[in-house]
Amino acid sequence: MIELRNITKIYNPGDLTETCLFKNFNFTVNDREFVSIVGSNGSGKTSLLNIICGSIPVEGGSIVLSGEDITKKPEHKRYANIGRVYQNPAMGTCANMTVLENMSLADNKGKFFGLSFGVNRRRADFYRTLLEQLGLGLEDKLNVKVGSLSGGQRQAMALLMTTMTPIEFLILDEHTAALDPKTAEIIMELTDKIVRQNNITTMMVTHNLRYAVEYGDRLVMMHAGQTIIDKWGNEKRQTSIDDIMTVFNRISVECGN
């Protein structure tokens, strides 16, 4: 479980452009929940993820992961328990390293290397089996540099690598936004499969309303640093894209757009 308690986030404090995005904001994600989050630009979606991961500090409140207060914990230490897949496929893999080398890095996350080799070729068959499940032909490209792969192949690898070692929490930061529609569908199907198989607590920010409606156990819509829709179970299953669009349109009118 992850809890955000009374979070206050102010951008550019003391400046003419000072903006208070979150004020005493509370949000909880239960164990093994898959939460889809939508909202207009500036609603707080990405800031929410960055606060959880420690990419940006908060002015007040606390972040609690599995009972541990991680508010002051450095970003790199939080990633021992949190995995994140970014919008840009290039951010989750090392372009100048081979598929085998990338897989080895992910396999050894959190381990002490010392002076031993980072790549254990005896694990190659294991990596090949994992990659084969993606259905993208990557199992035959272990010695190919990742930079030569397609965006979809790299994003599929990033997703797989993020979940190779045990994590408590998975962050999906618009991870299909940079992909073509066909590849995005493949990545979403892989996402759902991996999340379900590993029972990972997951938060997915997306601009694709259909993905938000079709995937996950819970649907959250944010606006101006607040949750204005929060549906799960049967209520979520009965929610349509038109229902979400109606709220988007109402907000747009209220904001004068």
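The values are calculated or read from the model by the stated rules, or taken from the named source; none is laboratory data. Here the structure is a predicted model, which means the values were calculated and not measured. Note that each Cβ is placed from the backbone with ideal geometry, even for glycine, and that neighbours are counted across all protein chains shown. With ligands, DNA and RNA removed, areas are computed over all heavy atoms of the protein, side chains included. Shrake-Rupley method; radii C 1.70, N 1.55, O 1.52, S 1.80 Å.
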How many residues are more than 15 Å from Y127 (Cβ to Cβ) and open to solvent by less than 20 Å² (accessible area, probe 1.4 Å) when one looks only at segment 147-165?
2
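So, in segment 171-180, exactly how many residues are over 11 Å from T191 (Cβ atoms) and either part of a loop (DSSP other than H, G, I, E, B) or among the β-branched types (V, I, T) (or both)? Full working, then the answer.
Step one: of segment 171-180, the residues over 11 Å from T191 (Cβ atoms) are 171, 173-174, 177-180.
Applying the additional criterion that residues be either part of a loop (DSSP other than H, G, I, E, B) or among the β-branched types (V, I, T) (or both) yields 171, 174, 177-180.
The total comes to 6.
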List the strands (runs of 3 or more DSSP E) that sit entirely inside segment 1-72 and contain at least 2 residues that are acidic (D, E).
none
Answer yes if at least one residue in segment 219-231 is within 30 Å of L134 (Cα to Cα), open to solvent by less than 70 Å² (accessible area, probe 1.4 Å), at pLDDT 95 or above and not in a helix (DSSP H, G or I), and no otherwise.
yes
Restricting the search to segment 185-218, which residues are outside any loop (DSSP other than H, G, I, E, B), open to solvent by less than 20 Å² (accessible area, probe 1.4 Å) and touching a Phe, Trp or Tyr at 6+ places or on another chain (Cβ under 8 Å)?
M188, T191, V195, T201, T202, M203, M204, R218
Name, by its number, the condition in (1) touching a helix residue (DSSP H, G or I) at 6+ places or on another chain (Cβ under 9 Å); (2) loosely packed, with under 14 Cβ neighbours inside 10 Å that does not hold for I52.
(2)
